[in-house]
1. Just from its helices, what would the mean residue ellipticity at 222 nm be for the chain, if runs of 4 or more DSSP H residues each count -39500 (n - 2.57) and the sum is divided by every residue, rounded to the nearest 500 deg cm²/dmol?
2. Grab the beta carbon distance between Gln213 and Arg102, set R0 = 35 Å, and tell me the FRET efficiency rounded to 0.05.
3. Among Thr208, Thr223, which comes first, second and so on when ranked by fewest other beta-carbon atoms within 10 Å?
4. log₁₀ I(q)/I(0) of the chain at q = 0.07, 0.10, 0.14, 0.17 Å⁻¹, via Debye over equal Cα point scatterers, no solvent, to two decimals?
5. Considering amide H positions built from the backbone, and no H for Pro or chain starts, which residues 5 or more places from Thr208, or on another chain, come under 5 Å of its amide H?
6. Please report how far the C-alpha centroid of the range 71-112 lies from that of the range 165-241, rounded to the nearest whole angstrom.
7. In degrees between 0 and 90, to the nearest 10, how far off the longest principal axis of the chain does helix 3-141 point, with axes built from Cα atoms?
8. If you take every residue apart from Asp68 with its C-beta less than 12 Å away from the C-beta of Asp68, what net charge results, scoring Lys and Arg +1 and Asp and Glu -1?
Amino acid sequence: MSKLQFGLLLLVLGACATIPIIRQRKAEVRLRDENTALRQQADRLTHVSADNQRLSNVITEVRLAQVDARNHFPELVALRAEVARLKDLNEHSESALRSSEREQRGEVAILRSEVARLSDEAQELESLREEIRQLRAAATTAPAEPTPPSDALETETGETSIRMIRTQGDAFAEKLKSSVGAKDEESFLDVFSRFLQLNGIQTNGVATAAYDQRTGRVIVRGTTATLDQVERVTRALDQAP
């Protein structure tokens, strides 16, 4: 056998010996890869199992909570109803309290108004008493008026009295002066007497007359029949445009 043939033989024998080793190594590599893949799958399965267990626990807790909620639902409904009732009661109480406060304020305002009115009336009465005293004093000291002709006399009977006629105040005073063409220096009694005479009322039935500028009243002392006529013409002038 030549050296060449012997070398080829050795080469073939070496190749035949190497092939099983290469195949074994490939098999080992494949087995390692498969083992790694299996381990990864096992890990994933472990995680999935743990997740499933957690989900199962959550589901169990939710179901238990639902059961507990159903068991406590009547109590919850009762509590909600009680809360609504207490809320309505509180609103009603607050409304009643506000209404009571408004009524009390209204009553206080009414009482204050009544007190003020009574105070004004008391002052007005005192003022009227003073005016009456002044009129009576003026009537006792007033000079006698000239006796008119006999055909102008008016026969009256009865005692004299005092009458207070409400007017519009300054507006009436201006109308009175304008109706008789009064002058600034003339007294009210002179102007008013002339006004009565122009309206056909005999002044012998009028003892005296005065005007309260503060209250706008015309205060006249005379016989009842004459006072009725005086009030009629005075009101007509006061209401005239």
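1. Details: 4 runs with 177 residues, N = 241.
Estimated from H runs of four or more residues: -27500 deg cm²/dmol.
2. Rounded to the nearest 0.05, the efficiency is 0.30.
3. Thr223, Thr208
4. -0.61, -0.79, -1.04, -1.26
5. For Thr208, the qualifying residues are Arg221.
6. Measuring centre to centre over Cα atoms gives 63 Å.
7. Roughly 10 degrees between the two axes.
8. 0
Just so you know, all these numbers are worked out from the coordinates, no wet-lab data involved. Because the structure is a prediction, the values reported are computed rather than measured. For neighbour counting, all protein chains shown are included, and Cβ atoms are generated from backbone atoms with ideal geometry for every residue, glycine included.
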